[in-house]
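Report on the structure given below.
Throughout, read-outs are computed from the coordinates displayed, never taken from laboratory work. This one's a predicted model, so the numbers in the text were calculated from it and none came from an experiment. Neighbour counts run over all protein chains shown; Cβ positions are idealised from the backbone, glycine included.
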Amino acid sequence: MVRFGRGEASNYHAVFPRKTALELGEYDLLLESPNRSAPMKIFSALIAICVTGAVAFAAEPPKESDRDQQQLAALAKEVQGQQTAIADNQKKIDEKLAAIAEAIRQAKIYAARGR
């Protein structure tokens, strides 16, 4: 007679040993199909196709780009010319303001003498 009380081991584990997680993982690997890496291969193929497509589109610049670059260069020159004109106008405004300030200063001096 087998008793299962305190201090006595069961014979159940001797007949049916527990499997560790490592052993179960190895057992599962043996049972799985050979296409286990198929999702990874599909994902890698999609990445390769995307990279190839991106390189193909980047390697051939569109002809509109050259025309756009020329228009951009012309606009940049025009803006530079406008900035030069604005700087010249600002210089003239500053000179006129200085002349007006001097005329006001002199007028104040003459007005103070006349009192």
Quick calc, region 44-115, dipole around Cα centre from Cβ unit charges on Lys, Arg (+) and Asp, Glu (-), nearest 20 debye, gives 940 debye
Using the charge dipole of region 63-115 (Lys, Arg: +1 at Cβ; Asp, Glu: -1 at Cβ; taken about the Cα centre), state which of Ala85, Tyr110, Gln71 has its Cα farthest towards the positive end.
Tyr110
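May I ask you to derive the FRET efficiency for Thr84 and Ile104 from their Cβ-Cβ distance with R0 = 35 Å, giving the value to the nearest 0.05? Don't skip to the end; give the middle numbers.
On the way: r = 31 Å, r/R0 = 0.88.
Result of the calculation: an efficiency of 0.70.
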Would you work out if region 63-115 is rounded, prolate or oblate? Take a ≥ b ≥ c from the square roots of the eigenvalues of the alpha-carbon gyration tensor; rounded if a/c is under 1.5, else prolate when a/b is larger than b/c, oblate otherwise.
prolate
Partner lysines for Lys108 [C-alpha distance under 30 Å; skip if fewer than 8 residues away on the same chain]
Lys91, Lys92, Lys96
